[in-house]
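The values are calculated or read from the model by the stated rules, or taken from the named source; none is laboratory data. Here the structure is a predicted model, which means the values were calculated and not measured. With ideal geometry, Cβ positions are generated from the backbone for all residues, glycine too; neighbour counts draw on all protein chains shown.
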Amino acid sequence: SIFGKTRCFFAGVLLFGIGSFLCGFSWNLESIIIFRALQGIGGGALIPLSQAILRENFPPNEQAKAMSFFGIGIVLGPGLGPTIGGWITDNINWNWIFFINVPFVIIDLLLIFIFILDKSEKFSKGIKIDYFGLITMAIGLGALQIMLEKGQENNLFSSQFIVNLAIISFISLVLFAIREFTCEKPAVNLKLLKNFGFFNPTVIQGIFGMGLFAGLFLLPILFQESLGYSATEAGIAMIPRSISMAMFMPIAGRLYNRIGGKKMVMFAAALTSLSLVPLSFMSLNTSAWDLFWPQFVQGIAFAFIFVSLSTIALMALERKDIVSGAGLFNLVRVLCGSIGTAVFATQLENNQIINRAYLTEHIVTNSPYTVQGFMTNPATILSPLTTSPAISKFFAGINQVLMIQGASAADLNNKAYAMLSNFVDRQALIMSFNHVFFELCLLFCVAFVLSLFLVERKSSWHKE
């Protein structure tokens, strides 16, 4: 509102580039956190400003099509990023994950200056900045994010540190909400949530944000720790979703004007939920091909949701609220994505511990001492006398293989027990993934129910 959309867009890209460049020179964890924050400040404004600029330059019958082409770039990033990043990590150096952004930023700045930057935009004087709202939001969301990420490491609310973060987050966010609902020029216009036509798609967007970000977090762990892929192979295995999203974005843009956004969102929610069913029944024999189709189907669903949901939400607003609405809409997506990632990461770890204990009980005798011993030091506690006939047969087969490989007789049992322990760990992890993906499946069922109440409205602000 003060400097103009296109100037802020240019500044955001520039700040993101500077942050990327500095991240490449990070010398410790603290420095990379600071420079990543700088990246976030610049990059955080790009998507809502891009959407606002598109909305103001395309009539309603072309907005879905414009969003579909805009979305191709958005979805290719998460797909190609892990692949390129994995290859760079394996073959060059992690610093170049950040340096590689710099030439693209320079090209972006030139294109923005030539085609987008509106030098006729006037500076608006006298507009008050809601510093109190910005500060309370930053403190509240920052404390919440740290609490979610560190909660598992510190045994959640048994840690005074986590309790303090929860109190700080709660108080800050309450003050933030009160301020935004009462301030004449709020930093984040929460009053827009009173509009059900905007509120409902924003909630659905939050659910899809959880699924998208949680998937980007969980799948590399699944590929690398459970299935034994390298970083590069894991990145390649994640490409199918981005490919299908890029393929179906233009199709979704054309379908929007024919069948309407509500039906597209319903279809996307149902399709995503169904695609998560096979991911809820994986085993250690699951191959990359078994995971190809669920990811490909999810990409189709996310293409439909990206084009339709943002169009439905922003068309429900007046012209003056488009920038604020786009910012809030994307804030919910990112915030829910962060919350979802933290929650499902905690679920993954907790379920793995429970599953390992369950599997251990079925490998050894029911003696609590034996079970606990196997969980802490399997090589010294287990013996052939405490195992079932099936496990004894397993050890016999492993010992033969180890002897062929040249292992000494003294090391046979220790190596066999270590292999069994590793197998149990991997099996417990894959079972944990099954639980988490099933929970995500149920979450998208909720999104489907909410999509039944979507309201599509025709906006007239484009005629102004």
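Inside segment 55-86, can you point out the residues that are assigned to a helix (DSSP H, G or I), over 21 Å from the mean Cα position of the chain (by Cα) and not small (Gly, Ala, Ser)? Selection gives Arg55, Glu56, Asn57, Pro60, Asn61, Glu62, Gln63, Lys65, Phe69. For segment 326-335, the condition of being more than 25 Å from Thr6 (Cβ to Cβ), at pLDDT 85 or above and not in a loop (DSSP other than H, G, I, E, B) holds for at least one residue. Right, Val188: over 30 Å from Ser280 (Cβ atoms) and out of contact with any Ser or Thr (no Cβ under 7 Å at 6 or more places or on another chain) or not? It is true that Val188 is over 30 Å from Ser280 (Cβ atoms) and out of contact with any Ser or Thr (no Cβ under 7 Å at 6 or more places or on another chain). In segment 1-51, how many residues are of a type in the set (Ser, Thr, Tyr), surrounded by 16 or more Cβ atoms within 10 Å (Cβ to Cβ), in a loop (DSSP other than H, G, I, E, B) and at pLDDT below 85? Of the residues in that region, 0 qualify.
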